[in-house]
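A.B. asks: Can you read through this structure? Questions will come right after.
The values are calculated or read from the model by the stated rules, or taken from the named source; none is laboratory data. These figures come from a predicted structure and were not determined experimentally. When we count neighbours, we look across all protein chains shown, and the Cβ atoms used for this are built from the backbone with ideal geometry, even at glycine.
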Amino acid sequence: MSKTNKKENFWRGLVSNQLFIPIIALLLLAIINLFHDPTFFKVTMGLNNAGNPVLSGYLITILDYGSELAILAIGMTLVTAASGGQDISVGATIAIAGSAMLRVLCGGEARPTDLAAPVIVAFLVACIVGMLCGLFNGVLVAIFKIQPMIATLILFTAGRSIAAWINNNELPIVPDPKFGYFGGFIPGIPVPTTVFIAIACIIIIALVLKLTNLGLYTQAVGINEKSSRLNGINPTAIKILAFVILGLCVAVAALIKVSRLSTINYSVIAKDIEMDAILAVALGGNALSGGKFNIWASVLAAYVIQFLTTTLYKFEVSSDALAAYKAVVVILLVVFSAPTVRNYLSSLGKKFTSKKEVA
Amino acid sequence: MKDNRVLEMRGICKSFPGVRALANVDFSLNEGEIHALMGENGAGKSTLIKVLTGVYTKDEGTISLKGKGEVQIHSPQDAQRSGISTVYQEITLCPNLTVAENMYIGRTEGAFTNWKKMNEDADRILKSLDIPASATQQLASCSIAVQQMVAIARAVDMDCKVLILDEPTSSLDAQEVQKLFGLMRDLKARGVGIIFVTHFLDQVYEVCDKITVLRDGQLVGEFEIKDLPRVQLVAKMLGKEMDDLSDIKGEHETYSGADAGETIFEAENLQSDAGIEPFDFYIKKGEVNGFIGLLGSGRSESVRAIFGADRILSGKVKVHGKEVKIQKPLDAMKNGIAYLPEDRKIDGIIGDLSVRENIILALQVLTGFFKPFSKAEQYKFADEYIKKLNIKTASADTPIKSLSGGNQQKVILARWLLMHPEYLILDEPTRGIDVGTKVDIQKLVLELASEGMSVTFISSETDEMLRTCSRLIVLRDRKIVGELSEDDLSQNKIMKTIAGGDSENE
């Protein structure tokens, strides 16, 4: 009896664990690729354009581009948990922060020959711009009580125009090839730099969650704002803080995005990336209505989504049709995370384990 | 089955992971009978009701209905079709629709509605049940009591044989309760069997014919009301003989430290935006005082102003004789003031968080954003208070929302006690919880006071106030109208002060 119980509890714990769905999705994708074409997993060492030895292969692509998404998923998870809504202006604010960075780097010239300012200064400016955008969204949501999706619709609509305006609609090119390291490779290191940036972000947020009460306060505010206030928490400040942190994540993503091309294309840079970030939060099993959250599940889910995107490209799905395939995933996801289905899965596990016991 | 029996439940069992909620419970209901279902929180009342109404599926046992024999109830719709209707504590109708729409929602056949006929039918039923509402009136414009009656009218019209009233009186005032009872008696005369779940003993003895008592998921017994005096009912619910309800005040000594009698909190002309007249207030060390008055007289608003829970408009506040600013809850907490709010669900619990996180929350906020407790410290705090207050929970990691009402309240109490406040405000700490926990909380209040804590206690039950408080501040229409202490502390005197019966009426 107790053995069955243990098994039951194990199954229950497994199904209700937030990492369950992303891991299952990851395994599923891996298996599909394994059967379709095992070379999907091949990683080769080659030389890139600059003549540096680098790793290449589908898996490396997933790690490279999944990292951008993972960084954004961190901020999006916090915003979702605190405000019970999502920020849809992420792509547009990446354009703004990226444009500001370019402006500082190129000093307003279209084809500069030298950097007008050190990269670190440009990055800090981008951080401030990103945080200001977050502050703007946060104030609308927390103080003026506007629905997050509506509040962020403003920057979603206006963001790319603002970005173009910052550089007088020019497309300046950063002259220093070293700037390309952030979105590419550092000479001598065969792993994409984005992976290290993502790891750094993950370590920082882990430390913040460990050393402060950000996690507890955010969850409390997301679950019961009134009660949180009566316990001395300032819900307005916590919500704004979540948006500002997302703003920082946006600035980091902007650095990577701009670095990849050494320039910017206002209308397509990071297009629709907010939807993937929101999808990562959902796939990570976090309630989109706010409250309890698990950042690691979101981060893992971000890589899973990139895995899916890359797999679809491998299957030669055109980029226009990509969204339709992703929609199928969203539907499955929503169905599987619905409480009724989860309960059914749990009870299935119960039957399964008890049958085995009888046998 | 006997001829006049409308419902018979036999050997009902229901388990949840780790908990046996119902073990072999029998329950039967006759035609034209008002049957009280009593028990402490967690005794299994709600589970039994939910099994009967198809919200939960029973593990074992049978349910039989008159004329139908054994039935399987898998959903609330099944229950409704079998003639079992439920009216819950919280109104589950749509306030923005009319009374008639609410009565017929989901029951019209076909795609078209004959509005005229619907309104006429509704009016006829309302009239026959003597409910003071008209069919075309918007439901929100009726008082809570009338809304409840409309819910009952809806149930009755669906030809129900079994009507379940789940704590229908907890948000009604005395007059409204009487109206509701009138309606219940009326239905009884028509042969409807009514299951009445309540925490108010007075009400049970006023309208019920029979009582079924549950304890820890088991049936204690079914009794005729005349065979079971009040004290014995309480004893059966608690599973022990009751001497607790006697004078508990005498058992506790008053605080006698060196600083006894010092005024620790003082307010002058305090006013918040919640609509109370500016008031003066003070409390001494080790004192238990209370705000008393009818529902809506401004009791909660007053203590919320003290804690800074509403926006403060004016007033001077002194703590230990020193003037301080209390504009928001955190200010009050920093000055050693704790506040257990009236509405546990809305203002108290953080539902999805664990018992542990709920307990440490206030102290954690007070300690600071950058100084989180380690997991070990958190467990130490939580386990200490789970033991101290005898909180029934599977573990410290259980989400608080899965606890029973009384235990949730204890967790919130633990949250504030952990802060070791100098001044504790308890706003209706005993509302909607079982007798045993009520007595526990009252005793705890007196114990804390004897150790030097000052406590302001608010309760709708005058008995409770008399048993715990040494000074009562009487409110009427959002204004302080009197203060009673020592010999003036009697039911009579309180009633008179609340009603405004001045000396000329005596």
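A.B. asks: Given the conditions (1) more than 28 Å from A:Leu207 (Cα to Cα); (2) part of a helix (DSSP H, G or I), report the number of the one that B:Glu377 does not fulfil.
C.D. replies: (1)
A.B. asks: Can you find a residue in segment A:203-211 that is assigned to a helix (DSSP H, G or I), surrounded by 18 or more Cβ atoms within 10 Å (Cβ to Cβ) and among the small types (Gly, Ala, Ser)?
C.D. replies: no
A.B. asks: So, in segment B:403-437, how many residues would count as being touching an Asp or Glu at 6+ places or on another chain (Cβ under 6 Å) and either within 17 Å of B:Phe381 (Cβ to Cβ) or β-branched (Val, Ile, Thr) (or both)? Break it down stepwise before answering.
C.D. replies: Let us first name the residues in segment B:403-437 that are touching an Asp or Glu at 6+ places or on another chain (Cβ under 6 Å), namely B:406, B:427-428, B:434, B:436.
Imposing the further condition that a residue be either within 17 Å of B:Phe381 (Cβ to Cβ) or β-branched (Val, Ile, Thr) (or both) reduces the set to none.
Here the count works out to 0.
A.B. asks: How about segment B:149-186: which of its residues are touching a residue at least 40 places away in the same chain (Cβ under 8 Å) and touching a Cys at 6+ places or on another chain (Cβ under 9 Å)?
C.D. replies: Result: B:Val150, single match.
A.B. asks: For segment B:305-355, give me the residue count where each residue is assigned to a helix (DSSP H, G or I), closer than 18 Å to B:Phe279 by Cβ and among the β-branched types (Val, Ile, Thr).
C.D. replies: So the answer is 1.
A.B. asks: If the requirement is being touching a residue at least 40 places away in the same chain (Cβ under 8 Å) and surrounded by 22 or more Cβ atoms within 10 Å (Cβ to Cβ), which of these qualifies: B:Glu253, B:Glu287, B:Glu266?
C.D. replies: The unique qualifying residue is B:Glu287.
A.B. asks: Sticking with this structure for a sec: Cβ contacts < 7 Å: first residue assigned by TED's automatic domain parsing to the domain that holds B:Ile400 and under 15 Å from B:Met419 (Cβ atoms), restricted to segment B:329-352; second residue crowded, with 24+ Cβ neighbours inside 10 Å and among the polar types (S, T, N, Q), any location; separation 6+ or different chain. Result?
C.D. replies: B:Gly348/A:Ser227
A.B. asks: Give me the residue from segment B:143-176 that is β-branched (Val, Ile, Thr) and touching a helix residue (DSSP H, G or I) at 6+ places or on another chain (Cβ under 7 Å) and, out of that set, modelled with the highest pLDDT.
C.D. replies: Filtering segment B:143-176 for residues β-branched (Val, Ile, Thr) gives B:144, B:146, B:150, B:152, B:156, B:162, B:164, B:169.
The next check asks that each one be touching a helix residue (DSSP H, G or I) at 6+ places or on another chain (Cβ under 7 Å); those that pass are B:150, B:152, B:156, B:164, B:169.
Working: B:Val150: 87, B:Ile152: 84, B:Val156: 77, B:Ile164: 92, B:Thr169: 77.
Looking at residues that are β-branched (Val, Ile, Thr) and touching a helix residue (DSSP H, G or I) at 6+ places or on another chain (Cβ under 7 Å), I get B:Ile164.
A quick yes/no check of all residues on (1) within 14 Å of chain B (Cβ to nearest Cβ); (2) under 14 Å from A:Thr77 (Cβ atoms); (3) part of a helix (DSSP H, G or I):
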position	(1), (2), (3)
A:Tyr217	yes, no, yes
A:Ala220	yes, no, yes
A:Ser227	yes, no, yes
A:Ile233	yes, no, no
A:Ala237	yes, no, yes
A:Leu241	yes, yes, yes
A:Leu246	no, yes, yes
A:Cys249	no, yes, yes
A:Ala253	no, no, yes
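A.B. asks: Going through segment B:326-348 one residue at a time, which ones are facing chain A (nearest Cβ under 8 Å) and in contact with a Leu (Cβ under 9 Å, 6 or more places away or on another chain)?
C.D. replies: The answer is B:Pro329, B:Leu330, B:Met333, B:Tyr339, B:Pro341, B:Asp347, B:Gly348.
A.B. asks: Which of the residues spanning segment B:52-79 are within 29 Å of the chain's Cα centre (by Cα), in contact (Cβ under 8 Å) with a residue 40 or more places away in the chain and closer than 28 Å to B:Arg185 by Cβ?
C.D. replies: Matches in segment B:52-79: B:Leu52, B:Thr53.
A.B. asks: Are any residues in segment B:359-394 more than 9 Å from every other protein chain (Cβ to nearest Cβ) and under 15 Å from A:Ser227 (Cβ atoms), and if so, which ones?
C.D. replies: The answer is B:Ile359, and nothing else.
A.B. asks: Also: Considering B:Ala140, B:Ala151, which residue is of a type in the set (Gly, Ala, Ser) and either exposed (fewer than 13 other Cβ atoms within 10 Å of the Cβ) or over 21 Å from B:Met184 (Cα atoms) (or both)? Lay out the reasoning, then the answer.
C.D. replies: On the way: B:Ala151 fails: either exposed (fewer than 13 other Cβ atoms within 10 Å of the Cβ) or over 21 Å from B:Met184 (Cα atoms) (or both).
Only one candidate passes the filter, namely B:Ala140.
A.B. asks: A further question on this structure: Just wondering, is there one or more residues in segment B:35-58 that are touching a Gly at 6+ places or on another chain (Cβ under 8 Å), over 21 Å from B:Gly405 (Cα atoms) and aliphatic (A, V, I, L, M)?
C.D. replies: no
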